[in-house]
Amino acid sequence: MHSYQDKLDAVYLIKKQGNIASVARFLGIYPTLLYTWYRQYQYGGPSALMPKSCVQQYRPEMRIAIVEDLLKKNVSLQEASAIFGISSRTLSRWLRLVKERGFTALFDTIPNHVLPGMPNQKKKKDEPLTELEQLREENKRLRAELDLIKKVDALVSKRCNPTRRSALKPSKD
């Protein structure tokens, strides 16, 4: 596993030398990996090289939009991976599903497990929810998403600012 700083240094070397193959030989890293980092940097800046802290789950609507964009632009999987920050393996699976079963297949690929720390979801009722119930469900989901974003932000800021941790000293009480 390569650190954020390793990736950033490699990208700066590529920008300085202009040759991915020579940088790959110098660093002892596969050129395809360096190419991926370089593309991620080009499309998303330094933050695109940050490590992903957890398994990302994409909503079906987002999956559909990404696959439609891929099919329209006709870009390579590596380039699309850099653009969207999604592994080429995942993108390949989504494309295969769409080709085999259509866009509705992207709705079926959401895991049925509950994430740790998330409340257990109730089984769906046969009767439709009222507008108030729908709003309450959406509010509940949005609050959970916000809590998750706050936790991820705190973890990322901890990783990005290791000096903060050393600056905090335990009390002598």
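The values are calculated or read from the model by the stated rules, or taken from the named source; none is laboratory data. Source: prediction; values computed, not measured. Ideal geometry is used to build each Cβ from the backbone, glycine not excepted, and the neighbour counts take in all protein chains shown.
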Next on the checklist: Contact list please: Cβ distance under 6 Å, first residue in region 88-110 and closer than 12 Å to Pro60 by Cα, second residue modelled with pLDDT of 85 or more and not in a helix (DSSP H, G or I), pairs at least six apart or on different chains.
Outcome noted: none
Checklist outcome for this item: Checked Arg25, Arg39 against criteria (of a type in the set (D, E, K, R) and free of Cβ contacts under 8 Å to residues at least 12 places away in the same chain); the one match is Arg25
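Rundown of residues vs (1) surrounded by fewer than 16 Cβ atoms within 10 Å (Cβ to Cβ); (2) in contact with a helix residue (DSSP H, G or I) (Cβ under 6 Å, 6 or more places away or on another chain); (3) part of a helix (DSSP H, G or I), yes/no style:
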residue	(1), (2), (3)
Met1	yes, no, no
Ala24	no, yes, yes
Thr32	yes, no, yes
Gln42	yes, no, yes
Arg63	no, yes, yes
Asp69	yes, no, yes
Ile83	no, yes, yes
